[in-house]
2 protein chains.
Amino acid sequence: MTTKELIIEKALTLFAENGYQGTSVKNIADAVGIKDSSLYKHFKSKKEIFDTIVQEMSTRMEQMSLGYGLPDEAGMESAAALYGALTLGDLLDLSKKIFLFYLKDEFAARFRRMLTIEQYRDREIYEVYRQIFMEAGITYQAALFEEMCRQGIFRSSSPEVMALHFYAPIFFLLNKYDQEPEKEEEALNVLEAHVREFARVYRQNQD
Amino acid sequence: MTTKELIIEKALTLFAENGYQGTSVKNIADAVGIKDSSLYKHFKSKKEIFDTIVQEMSTRMEQMSLGYGLPDEAGMESAAALYGALTLGDLLDLSKKIFLFYLKDEFAARFRRMLTIEQYRDREIYEVYRQIFMEAGITYQAALFEEMCRQGIFRSSSPEVMALHFYAPIFFLLNKYDQEPEKEEEALNVLEAHVREFARVYRQNQD
DNA sequence: GTCTATACCTGGATAGAC
DNA sequence: GTCTATCCAGGTATAGAC
């Protein structure tokens, strides 16, 4: 890992814990193992470090969520068929995988915390936070549920409301259990109960 | 309003906008209209101002949520009967009132933002945030739904999961529309769709 | 209880030797 | 690309006059 990458890495951790203003350039330099002045050979300001993180992590999040089995809009139709063919058990595994990605993935979790802290300070940060953690999930799932209703896998209902009912509890549990790693099992149990209930309410063929 | 109260008042606004570390003692003093040094006649440190806010707002939040028509546990049985007698329209009005309280009430909204920003910096802050915005709503509603199921107003289901399904979307919408006052109508429409769907799924007698 | 003045420190950032 | 040295602005907090 280059020094520049190491700076990004350590800065993200510190920003996620103490916020932008709560983290000094010296804190970052110490974590990296260099003097604070040396840091300015890699970035021209503290702000540039922060902006670089937001840029880079945004794209990395996109790639990762794709890699984690979330198909893109083009593949929505086949995705819907795929999800419909899933057993309840498969559906549970999938929702857990997504939940744990946002909760524990080394980049996703720190990035989410950093944006949560900084969203009120800067409008641009807020837009990124909103886009990734509010809009993206709902939009994708609404499209997916719409297709699944069309195919008769789900009972017809408003896809947007269904997406809200599916995603909001995940978002809530993410916030609730964020700082309690020892209660991960409890979190997963609640998540499972949520998905079971969701499936009970909306799936045409119970399994 | 005494100077001490005014300091709390202005500090809360600034902490909610810029965070604890993003707010200087001089910022607070300027907002109050005194010199920063004078402020130390009322509080012995910046930290003491913050702690006082957390203390005072916590109790004020309790009182207010009671005042806003959320009955205590002792009155749960009559509350359940009361909610059951409500028309769908009344249920919608009530959920909107609660949503708007957390979104716009002059104390609740600022307090929520402040805790959201500061939750990762200090374990105690996190506990307060968690208690007020995660546990309280779910616990109360789970007890209420349990009673309503017992009385046959709601279809029997896990009260905890029902509470999660009811409250999580409110929590999500609160976060989503927090910084977009111009989209309040949109937020209320989504909230309404959510409550309608919730009622459709769980209420025994549709109206 | 408010002011001015000041002490003391830490923060971000630059210059220049190696 | 790292270091030491330094600058300057701004932060928290105290002392003492009014």
Can you tell me which residue within the stretch A:21-68, out of those that are out of contact with any Lys or Arg (no Cβ under 7 Å at 6 or more places or on another chain) and among the aromatic types (Phe, Trp, Tyr), is most open to solvent (accessible area, probe 1.4 Å)?
A:Tyr40
Residue by residue through the stretch B:94-142, note down the ones that are closer than 16 Å to A:Arg113 by Cβ, in contact with a Ser or Thr (Cβ under 9 Å, 6 or more places away or on another chain) and not aliphatic (A, V, I, L, M).
B:Thr116, B:Gln119, B:Tyr120, B:Tyr129
Restricting attention to the stretch A:26-40, does a residue exist that is within 14 Å of chain B (Cβ to nearest Cβ) and either more than 14 Å from DNA strand D (Cβ to nearest atom) or without any contact (Cβ under 8 Å) to a residue 24 or more places away in the chain (or both)?
yes
Counting only residues that are more than 13 Å from DNA strand C (Cβ to nearest atom) and either among the β-branched types (Val, Ile, Thr) or outside any helix (DSSP H, G or I) (or both), how many does the stretch B:9-50 have?
6
Identity of the residue in the stretch A:147-200, polar (S, T, N, Q) and closer than 16 Å to B:Glu135 by Cα, that ends up farthest from the other protein chains (Cβ to nearest Cβ)
A:Asn175
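The values are calculated or read from the model by the stated rules, or taken from the named source; none is laboratory data. Since the model is a prediction, treat every value here as computed from it, not as a measurement. Reconstructed Cβ throughout: ideal geometry from the backbone, glycine too, with neighbour counts over all protein chains shown. Accessible surface areas use protein heavy atoms only, side chains included; no ligands, DNA or RNA. Shrake-Rupley method; radii C 1.70, N 1.55, O 1.52, S 1.80 Å.
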